[in-house]
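Enquirer: Once you've had a glance at the structure underneath, I'll fire off some questions.
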Amino acid sequence: MLYIIRHGKTDWNARRKLQGRTDIPLNEEGREMARRAHDEYRDVHFDICFCSPLIRARETAELLLAGRDVPIEYDDRLMEMSFGVCEGQENTFDHPEWPIYNFFKAPEKYKEAPEGAETFEELFARTGAFLKEKAEPLLAEGKDVLIVGHGAMNSSIVCQIKKLPIEKFWSEGIENCKLMQLI
């Protein structure tokens, strides 16, 4: 089985600030979410956990898997999508004049990434390489794989596994600390 989960909440989530690669820790609510997920998913078997190296994902993985003998392997390809100069901005999804607006509201129209930001092609290339090199061989062996990551990064994995078009990028809903089984 292949599972994904998004990190717990951060202060930036609460303020609707675009995080991207900015390394923001969980807030206390996010830590509590991860502890509740630990209890809720304690009976779900995982052979290995692959995790983004960003602190909000690392903290989530550590709290989620506390007391379990599940190795956690960090992989840079699981970092959140880079939003470049838009990181740290509040309510970017509410302002059509922001270059990142279409990314959230009409992904098929997100053609030109803001300065320093990734494109969909770059995101899909790195997460696709991760899936092919790390996850798929373990899944072929019958292993249960967990990926702890981020909203956009996890959505790229969902789209690739489910073969969804870019228009459906956000269709599956990537909630904080909610486990999703993909395969």
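Quick note: the coordinates plus some simple rules give every number you see, no bench work behind them. As the structure is a computational prediction, the values presented were derived from the model and not from experiment. Reconstructed Cβ throughout: ideal geometry from the backbone, glycine too, with neighbour counts over all protein chains shown.
Enquirer: Just to be sure I understand: if I project the alpha-carbon convex hull of region 1-97 onto a plane and average over all orientations, what area do I get in nm²? List each step's numbers first, then the result.
Expert: Working: hull surface 27.6 nm².
Its Cα hull, projected and averaged over all orientations, spans 6.9 nm².
Enquirer: Using Cβ counts within 10 Å as a stand-in for footprinting exposure, how do Glu133, Glu87 rank, fewest first?
Expert: Values: Glu133 11, Glu87 21.
Neighbour counts put them in this order, fewest first: Glu133, Glu87.
Enquirer: How many Å³ per residue does the convex hull of the Cα positions in the chain occupy?
Expert: Numbers: hull volume 18.3 nm³, N = 183.
Per-residue hull volume (Cα only) is 100 Å³.
Enquirer: Net charge within 10 Å of Leu2 by Cβ-Cβ distance, Lys/Arg positive one each and Asp/Glu negative one each, not counting Leu2 itself? Walk me through the numbers on the way to the answer.
Expert: Details: positive: Lys143; negative: Glu136, Asp144.
Around Leu2, the surrounding residues sum to -1.
Enquirer: Around Ala113, what is the net charge, scoring Lys/Arg as +1 and Asp/Glu as -1 over all other residues with Cβ under 11 Å from its Cβ? Don't skip to the answer; put the middle values down first.
Expert: Values: positive: Lys111; negative: Glu112, Glu115, Glu118, Glu121, Glu122.
Around Ala113, the surrounding residues sum to -4.
Enquirer: OK, next. Anyone know which of Gly30, Gly67, Gly20 comes out most mobile in the 10 Å Cα GNM of the chain?
Expert: Comparing Gly30, Gly67, Gly20 in a Gaussian network model of the chain, the most mobile one is Gly67.
Enquirer: Another question, then. Could you tell me what percent of the DSSP beta bridges with both partners in region 2-181 are antiparallel, to the nearest 5? Please report the intermediate quantities before stating the final value.
Expert: On the way: 5 of 18 bridges.
Approximately 30 percent, going by the DSSP bridge assignments.
Enquirer: Report, ordered by chain and residue number, the lysines lying within cross-link reach of Lys109, taken as a straight Cα distance under 17 Å and ignoring same-chain residues fewer than 8 apart.
Expert: Answer for Lys109, where 17 Å is the Cα cut-off: Lys168, listed by chain and number.
Enquirer: Ok, one more. Nearest 10 degrees, 0 to 90: what angle lies between the long axis of helix 55-64 and the longest principal axis of the chain (Cα atoms)?
Expert: The helix 55-64 is inclined about 30 degrees to the chain.
Enquirer: Roughly how compact is region 128-179, stated as its Cα Rg over 2.2 N^0.38 Å to two decimals? Can you show the working numbers first?
Expert: On the way: Rg = 11.6 Å, N = 52, 2.2 N^0.38 = 9.9 Å.
Here the answer is 1.17, to two decimals.
Enquirer: Which whole-number percentage describes the relative contact order of region 2-181, with Cα contacts under 8 Å and a sequence gap of 6 or more? Mind showing how you got there, number by number?
Expert: Working: 331 pairs, mean separation 61.2, N = 180.
RCO, region 2-181: 34 percent.
Enquirer: Helix 151-162: angle to the longest alpha-carbon principal axis of the chain, degrees 0 to 90, nearest 10?
Expert: 70
Enquirer: Return Asp94, Asp11, Asp75 ranked ascending by Cβ neighbour count within 10 Å, so the fewest neighbours appear first. Don't skip to the answer; put the middle values down first.
Expert: Working: Asp94 11, Asp11 15, Asp75 18.
Taking fewest neighbouring Cβ atoms as first place, the list is Asp94, Asp11, Asp75.
Enquirer: So, with +1 on the Cβ of K and R and -1 on the Cβ of D and E, and no other charges, what is the size of the charge dipole of the chain about its Cα centre, to the nearest 20 debye? Spell out each step's value before the answer.
Expert: Values: 25 positive and 33 negative charges, 60 e Å.
In debye, rounded to 20, the chain gives about 280.
Enquirer: Between 0 and 90 degrees, rounded to the nearest ten: what's the tilt of helix 120-130 against the longest Cα principal axis of the chain?
Expert: With both axes taken from Cα atoms, the answer is about 10 degrees.
Enquirer: Under 12 Å from the Cβ of Ile174, count the other residues' Cβ atoms, weight Lys and Arg +1, Asp and Glu -1, and hand me the total.
Expert: Values: positive: Arg6, Lys178; negative: Glu80, Glu172, Glu175.
With Lys, Arg at +1 and Asp, Glu at -1, the neighbours total -1.
Enquirer: Tell me what the chain gives for mean residue ellipticity at 222 nm when only DSSP H runs of n ≥ 4 count, each as -39,500 (n - 2.57), the sum divided by the residue total, rounded to 500 deg cm²/dmol.
Expert: Mean residue ellipticity, 222 nm, calculated: -9000 deg cm²/dmol.
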